[in-house]
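The values are calculated or read from the model by the stated rules, or taken from the named source; none is laboratory data. This is a predicted model, so every value here is computed, not measured. Counting neighbours? That spans all protein chains shown, and the Cβs are built from the backbone with ideal geometry, glycine included.
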Ligand SMILES: [Zn+2]
């Protein structure tokens with residue numbers, strides 16, 4: 001069966017296992033793919049996926065091979081890549097096999113500590129970012145439930161090891177994170193890329209997450225290109241197969257990362273502020289990136305990446321307008337606007353903007369009513385909430401990015417709850 005990567009369900013791993021190289025290599029799809037390489041001395045497992053799906057992944061693995069796991073490599077320390085070890089370790093203990101070696105980058109250890117420090121915050125954050133797939137589940141991950149790495153790399157040089165008849169080369173590059181490792185298996189012509197390749201626009205500039213590394217991401221792609229691989233197991237999405245396709249996917253991703261990085265840097269050097277840079281960047285985004293299968297904004301998107309580069313080199317004061325340096329409360333500002341103009345007129349104007357498809361501008365006007373709702377008629381406040389809800393739902397429906405969609409839908413949901421609560425009063 002062939003898969004199209006242009007579907008969020010493949011990004012989420014809701015498809016069957018893919019075996020290749022005479023059934024010696026396997027991609028176990030999950031939220032965070034697992035890459036499995038068989039040797040005559042056991043298995044090397046690249047990423048162990050999300051805890052929530054660990055039993056499902058364990059069953060999938062044991063459908064394709066019965067060999068013991070000898071090495072686990074963490075592509076990076078995110079929850080969807082190294083917390084699903086439970087059933088695999090239980091089996092190892094049960095069968096009296098030797099515990100696998102666990103390889104990570106040293107920054108992964110720092111990351112695990114950070115997850116423990118910010119446990120509650122991350123629970124909230126992940127519930128926002130993954131709202132559409134988490135449902136009411138809140139405890140899908142625990143930062144205290146860790147399979148500790150046994151081989152910790154500083155990433156300065158590639159780390160090579162031999163298992164059975166095969167040689168493995170573990171490399172470090174920054175991209176989505178500062179603890180990224182990727183694997184090269186020369187005899188299998190295979191790269192396991194982790195989230196350096198997610199089969200859509202790189203998740204650089206995620207609005208909820210810490211700084212990411214667009215320029216180094218481009219360099220990572222170029223380092224991978226030198227291997228002339230035939231297969232890539234991406235961190236998310238289906239197997240990338242064929243030398244030409246592998247080269248094309250890596251090259252276009254590198255080019256897209258260089259582009260967003262260099263164009264934002266150029267504008268910073270021209271003395272421009274964020275708003276101008278952002279809108280100019282949208283205007284110059286090349287068609288070849290917009291239409292490329294592997295740069296679709298399925299998860300992250302180009303709009304986020306512009307923020308990523310700006311944030312990398314710039315402080316938080318981003319408008320060049322001292323009014324924004326220590327602004328008044330937005331509620332107070334809204335109330336002042338409502339003193340100089342009739343609330344009804346704001347609403348009618350927002351409606352007019354909505355009817356003429358200027359939805360973003362309509363939202364800005366509606367926010368005056370919503371933030372200043374204490375000084376307007378209750379009915380008008382409800383009308384404003386309704387209209388904002390409709391606009392957000394429309395935006396979410398048209399939005400290709402999973403993260404953007406969740407952000408918008410989360411807020412729409414809150415608005416709906418507010419309307420409902422007022423109706424009950
Ligand atoms: Zn991931």
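Limited to region 269-280, what total is found for residues that are farther than 13 Å from residue 308 by Cα and either assigned to a helix (DSSP H, G or I) or within 21 Å of the chain's Cα centre (by Cα) (or both)? Step through it out loud before you land on a result.
Residues of region 269-280 farther than 13 Å from residue 308 by Cα: 269-273, 275-276, 279-280.
If we keep only those that are either assigned to a helix (DSSP H, G or I) or within 21 Å of the chain's Cα centre (by Cα) (or both) as well, we get 269, 275-276, 279-280.
The total comes to 5.
Exactly one condition in (1) outside any loop (DSSP other than H, G, I, E, B); (2) closer than 18 Å to residue 28 by Cβ; (3) away from the ligand (no atom under 16 Å from the Cβ) is false for residue 147; which is it?
Single failed check for residue 147: (1).
Evaluate region 38-60: report whether one residue or more is within 16 Å of the ligand (Cβ to nearest atom), part of a helix (DSSP H, G or I) and touching a helix residue (DSSP H, G or I) at 6+ places or on another chain (Cβ under 6 Å).
Quick first cut of region 38-60, residues within 16 Å of the ligand (Cβ to nearest atom) only: 45-54, 57.
Next, from what is left, pick out any that are part of a helix (DSSP H, G or I): 51-54, 57.
Keeping just the survivors that are touching a helix residue (DSSP H, G or I) at 6+ places or on another chain (Cβ under 6 Å) gives 54.
So far as region 38-60 goes, yes, one or more of its residues are within 16 Å of the ligand (Cβ to nearest atom), part of a helix (DSSP H, G or I) and touching a helix residue (DSSP H, G or I) at 6+ places or on another chain (Cβ under 6 Å).
Which one of these is touching a residue at least 24 places away in the same chain (Cβ under 8 Å), within 30 Å of residue 399 (Cβ to Cβ) and surrounded by 13 or more Cβ atoms within 10 Å (Cβ to Cβ): 83, 88?
On the way: 88 fails: within 30 Å of residue 399 (Cβ to Cβ).
It is 83.
Considering each of 32, 77, 13 in turn, give the residue that is within 25 Å of residue 153 (Cα to Cα), modelled with pLDDT under 95, crowded, with 16+ Cβ neighbours inside 10 Å and within 16 Å of the ligand (Cβ to nearest atom).
On the way: 77 fails: modelled with pLDDT under 95; 13 fails: within 25 Å of residue 153 (Cα to Cα).
Every option except 32 fails the conditions.
In region 207-233, which residues are within 16 Å of the ligand (Cβ to nearest atom), touching a helix residue (DSSP H, G or I) at 6+ places or on another chain (Cβ under 8 Å) and part of a strand (DSSP E or B)?
232
May I ask you to verify whether residue 104 is within 16 Å of the ligand (Cβ to nearest atom), at pLDDT 95 or above and not in a strand (DSSP E or B)? Before the answer, list the steps.
Values: within 16 Å of the ligand (Cβ to nearest atom): yes; at pLDDT 95 or above: yes; not in a strand (DSSP E or B): no.
No, not satisfied.
Hey, among 384, 412, which residue is in the same structural domain as residue 344 (by TED's automatic domain parsing), under 22 Å from the mean Cα position of the chain (by Cα) and in a helix (DSSP H, G or I)?
Values: 384 fails: under 22 Å from the mean Cα position of the chain (by Cα).
One residue alone meets the criteria, 412.
Determine, yes or no, whether residue 193 is in the same structural domain as residue 245 (by TED's automatic domain parsing) and either part of a loop (DSSP other than H, G, I, E, B) or within 14 Å of the ligand (Cβ to nearest atom) (or both).
Working: in the same structural domain as residue 245 (by TED's automatic domain parsing): yes; either part of a loop (DSSP other than H, G, I, E, B) or within 14 Å of the ligand (Cβ to nearest atom) (or both): yes.
So residue 193 passes the test.
Looking at this structure, is residue 158 under 24 Å from residue 53 (Cα atoms) and either in the same structural domain as residue 223 (by TED's automatic domain parsing) or touching a residue at least 12 places away in the same chain (Cβ under 8 Å) (or both)?
Numbers: under 24 Å from residue 53 (Cα atoms): no; either in the same structural domain as residue 223 (by TED's automatic domain parsing) or touching a residue at least 12 places away in the same chain (Cβ under 8 Å) (or both): yes.
Spelling it out, it is not the case that residue 158 is under 24 Å from residue 53 (Cα atoms) and either in the same structural domain as residue 223 (by TED's automatic domain parsing) or touching a residue at least 12 places away in the same chain (Cβ under 8 Å) (or both).
Which of the following residues is within 16 Å of the ligand (Cβ to nearest atom) and over 22 Å from residue 31 (Cβ atoms): 156, 113, 174? Don't jump to the end; show me each part of the working.
Working: 156 fails: within 16 Å of the ligand (Cβ to nearest atom); 113 fails: within 16 Å of the ligand (Cβ to nearest atom).
It is 174.
Kindly provide the set of residues from region 234-246 that are surrounded by 15 or more Cβ atoms within 10 Å (Cβ to Cβ), out of contact with any strand residue (DSSP E or B) (no Cβ under 8 Å at 6 or more places or on another chain) and part of a helix (DSSP H, G or I), ordered by number.
Hit for region 234-246 is 245, nothing else.
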